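Below is one structure, written out as structure tokens, with a few remarks after it.
The values are calculated or read from the model by the stated rules, or taken from the named source; none is laboratory data. Predicted model only: the values in this text are computed from it and were never measured. Glycine gets a Cβ as well: all are built from the backbone with ideal geometry, and neighbour counts include every protein chain shown. Heavy atoms of the whole protein, side chains included, go into the accessibility calculation; ligands, DNA and RNA do not. Shrake-Rupley method; radii C 1.70, N 1.55, O 1.52, S 1.80 Å.
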Amino acid sequence: MNMRMVLELAAPGMKDTQAAQFAPKMSGSCRDVLQGGEVSIPLDGLNEPRFHKVGGGIRDLVLPGNKKFVEGDILPRPAQGGGGKPREAGEGDSEDAFRFVLTREEFLDLFLDDLELPDLAKRKLAQVEYEGIRRAGYAVSGSPANIAIGRTMRLAIARRVALRRPRPETIEQLEAELADCDDERRTALKAEIEALKGRMRRIPYIDPIDIRYRRFENEPKPIAQAVMFCLMDVSGSMSEHMKDLAKRFYMLLYVFLTRRYRHVEIVFIRHTDRAEEVDEETFFRSPASGGTMVSSALEAMHQIVRARYHPADWNIYAAQASDGDNSYSDGELTGRLLTDAILPATQYFAYLEVGESRGADTMPDSPLWTLYQRLRQSGAALSMRKVSNRSEIFPVFHELFQRRDPRERATP
């Protein structure tokens, strides 16, 4: 999976012919999208609007580096269809598509910087991850750059006072007194001065035992943890096109969560009339058949949250993708599970209804859409959108997670 596929998600305004160049066959995993890659842009996609003089009339131009024309020559018009577009063999020079490399951080800065997740509050100490360092007292060894001068000088003063090291001023006073005393007194003063100087030499001003170094250690800091539940209907009514739309949405959601959190886990739950937790390959590729009961997926998510992801420690997000089909008898249980068990434990719940390529506006309201719409009108905090084309994925994603004024309550 390279960055060209991801760029297509974020380029809904491209023409169909341009978008096709950015749409390789879906392959790889969600985590592959975090890698950088080469991006190829058609030349006609680099043109920008600009103001210029209208053609016609007589104009004087300065052409730097001109060796072909002289004053008075008439310049030929460029051939129609020129300007760098590819030509057939033997029809002259052409130019390759413009190529550049986007790193993961550059890609995220371009497309995800103005987005945010709601209610980013729950944090927990990670088990083995450390973040930054902190002061941890003093040590008797270390790098010279970490010498604690203040602490070293205080210890040196305490040691000199305790050992009664003579002060230089005391010796200077005795030497001054030496000039005005008699011979007997001079002999005693000289002996005292020599004794004080010897004591000063034996008790250094700063001793190696006085030196202290600032000590630092790794500090485990609270790291926000998140888990993303991906719920998808894999019954026979979900076509490969619908699964492709769901996977693209999940890729953007995974990249977005990774940018906001140091630790992200993904739980894949697929369901027909029964639900099961599976790996990514099984989630998207393995065929399944049967009826549709959405309550089975919600019940499976509820059990996994209770067993592994305590809501007090984890930021829990859920994204559900379905074609909207659900058993009529399952509607009441689905609504009860969603309002009583799922929504109270999650930070955000997004429902994406996928359809065939006829336009989201033309998609009729499905049984599941009607149920969720009724729950929203009753005050349930969930977001709902419809998509039917690849070009609609990023606008819908951007609308769901755009940054809002914290003083305002976000309306799903």
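In terms of accessible area, using a 1.4 Å probe and ignoring ligands and nucleic acids, I211, I74, I266 rank largest first as I74, I211, I266. How large a share of the accessible area of segment 184-341, in percent, is made up of carbon and sulfur atoms when the probe is 1.4 Å and the other protein chains stay in place? That fraction is 49 percent. Fully extending the segment from K67 to R185 would add 31.9 nm, taking 0.36 nm per residue of separation and subtracting the current Cα-Cα distance. Per-residue packing, averaged as other Cβ atoms within 10 Å, sorts the ranges 158-170, 314-326 into the order 314-326, 158-170, beginning with the highest.
Which part of segment 200-216 falls in the paramagnetic zone of S141, meaning amide N under 11 Å from the point 7 Å along Cα-to-beta-carbon? It comes to no residues whatsoever. For the listed peptides 230-238, 366-374, a ranking on the average number of other beta carbons within 10 Å per residue, highest first, reads 230-238, 366-374.
Electrostatic tally near I149: other residues with Cβ closer than 12 Å to its Cβ, Lys and Arg +1, Asp and Glu -1, net +3.
Segment 290-341 to segment 365-395: how many Å between their Cα centroids? About 15 Å separates the Cα centre of segment 290-341 from the one of segment 365-395.
Taking only the alpha carbons of segment 223-360, we obtain Rg and Dmax values of 14.4, 44 Å in that order. Over all distinct Cα-Cα pairs of segment 139-218, the Kirkwood formula returns a hydrodynamic radius of 15.0 Å. Taking the average, over residues, of other Cβ atoms within 10 Å as the packing measure, peptides 174-182, 376-384 rank 376-384, 174-182 from highest down.
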